[in-house]
1. State the Cα centre-to-centre distance between region 227-286 and region 605-641 in whole Å.
2. Please list the non-local residues whose amide H lies under 5 Å from the amide H of K279, H modeled 1.01 Å from N, same-chain partners needing a gap of 5 or more.
3. Compute the length gained on full extension between S155 and Q513: take 0.36 nm times their separation in residues and subtract their Cα-Cα distance, giving the result in nm to one decimal.
4. Work out, step by step, the length gained on full extension between T191 and T326: first 0.36 nm times the residue separation, then minus their alpha carbon distance; give nm to one decimal.
5. Could you state the number of Å between the C-alpha centres of region 549-598 and region 63-83?
6. I'd like the FRET efficiency for K240 and R579, computed as 1/(1 + (r/R0)^6) with the beta carbon distance as r and R0 of 41 Å, rounded to 0.05.
7. Per residue of region 382-397, in order, report the coupling 6.51 cos²θ - 1.76 cosθ + 1.60 (Karplus, θ = phi - 60°) as ³J(HN,Hα) in whole Hz, putting x for Gly and Pro.
8. Would you mind checking K61/K365; K47/K365; K486/K614 for any pair whose Cα atoms are more than 23 angstrom apart?
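Rule-based calculations on the coordinates, nothing more; no lab input. Model, not experiment: these values are computed from the prediction. Positions of Cβ are generated from backbone atoms using ideal geometry, with glycine treated the same way; all protein chains shown enter the neighbour counts.
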Amino acid sequence: MIMGGPLMLAAAMGAATTADPAAHAAATRFGAREDVAQISLSPDGAKAAMITPDPQGPGMKLGVIDLQAGKAKAIMHASGAPERLTRCSWTANTRLVCTIFGLSDQAGLLLGFTRLIAVNSDGSDLKILSRRTNQRSLGIMQSGGGIVDLHGDGSEGSALMTSEFVPEQTIGTHLASSSEGLGVEAVNTVTLKRRLVEPAKPDASEYHSDGYGAVRIMGRRTVSPAGYTGDRVLYSYRGKGDREWRALPTVTYDNGASIGFDPYAVDRDLDAAYGFESKDGRSALYRVALDGSLKKELVYARDDVDVDELVRIGRQRRVVGVAYATERRHAEFFDPELARLRRSLGRALGDERNLSFVDATADEKKLLVFAGSDIDPGRYYIYDKGTRQLELLLPARSPLEKTPLATVKPITYKAADGTAIPGYLTLPPGSSGRGLPAIVMPHGGPGSRDEWGFDWLAQFFAHRGFAVLQPNFRGSTGYGQAWFQKNGFQSWRTAIGDVNDAGRHLVASGITQPGKLAIVGWSYGGYAALQSAVLDPMLFKAIVAVAPVTDLDALREESRGYTNYNLVDRYIGRGPEVRAGSPAQNASGIVAPVLMFHGDMDVNVGIRQSRLMKDRLSGAGKDVTLIEFKGLDHQLDDSAARTRMLETSDAFLRKALGL
């Protein structure tokens, strides 16, 4: 339910009782969701809009801060059951457009849906921007569209947005509509007057504008005769001031990796598109001319890691740099002024911090800046170019303001075959780093990697006295195609072998002892935690898995009712390694006690995965506990749920490790 004004929800569940008040207090602080889920500046810089969580429960609130008066007001609330606010942008100085995300159970099939709404900065005049279906519609509309360009048609409060068109039919009348697929409309967010800019196409998947109201690139995803999403995107572009679509190179997606020039942004002034493409096995940034020549030039590449992020700023979302992660994340700015400003702010706030430009006013004279580090969850600042003043706006995690946090150290360790595996080691504040209880914490994905900075899960366990090692095992992204291998499922023996070698490193280096080693993971990390015990049952003495994949064939079948089935099928692969790589199929060999957590509205990894694992472990006489969270999805985006998860995990690990 969406409604004006703040509304507090009761907690989704009570906090777990504990005999350890310190554990409960720590779990409450670290389990609290971020104070700011998303924030943006009004075009004139007078206000900021921020999405904040309810202290308890899955709800989200939209608040507006008057930056001159220093006052904040909550203007909208989403219950989180199932709708939640995900992002808000300003279309005018007093008008906001927000995206609502939710989940719907359609005959046992969980479907995600989005809707766009507009609201004044004082909470008045709330309107739905997304197109609507009716009794004549021949299908459902999952996507409510998204903002393509805040410039729109140039009028106050206008924006370009994608719209999903659902065909209609009415017997005996001419009221039917045959439009189907994704198109683009110019919508006045105040009056709701709308004008079709790009007709809907059934296979259209994305549109990119130049930031000034002109759609310049369109992507069309191939679809099989059975309606399943294909592995190719056919891109087209328009020349400046032209309406004719011309072909760009096709991009093919192979097990999570893209092959070909993948466009991400259009630069109107350069009349070119920025995108990523592989160079020597690693992602690099290229620029392709949109003047008809399609001249391609390399903009930035590295020989050690992928270049994976565009740095963009302002209402036109202009490209000002590129980012990549080595031991830490770095940004290279093309804009000389911003490069100088980044260096200056780095000196003022501390060069050891991650610093980013979150948003800017229409004239870019005021910037919203975020800075954080491993021992600082981060703070938001307003920088005024005219006065050269940097003012603190608010912290990212106020419950941790007075909590000492642990430093995070980049390390490498040797895998069994001699390969150096990068990772991050977090030691308890003030500890000697020797003889500690320890946790290996593999990341999710598998198409992901860990980076240096604040991590609430690792920091909680470090606060509770555990050493935590987060390995970027082979199968992680960010280090090129050779490191990614076939992906973390098809190459599970290598990936899980690297995870287990992280545990052996902790023992060999004296950080921990064989009987004091556990593994904790979320999503693919939960899969890795369980599968680690299949490869080496005696290595870890306790296993915590949050929303884990447990059976690869079951994961394949979960996707059968969705359009991405063919992609998931190829990603998982076929053959005997699928069964060997499924913890639920090998549960009888697992020795360590297992604790699992899962939300029953998880569309990423269905809760059946954890229920199956519990049944298999219980049937084999193993020690297993599954805690389910009603109404929550993959992220367990609820402070009370996260608090309970942390507190329960801490008690479970201490018992299993004899602490």
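1. 40
2. Distant-sequence amide H within range of K279: A284.
3. 122.2 nm
4. The span from T191 to T326 would gain 43.8 nm if fully extended.
5. Spelled out, the Cα-based centre of one part sits 41 Å from the other.
6. The value I calculate is 0.15.
7. Per-residue couplings from phi come out as 10, 10, 9, 5, x, 9, 6, 9, 10, 10, 5, 9, 5, x, 7, 9 Hz.
8. Violating the 23 Å limit, Cα to Cα: K61/K365; K486/K614.
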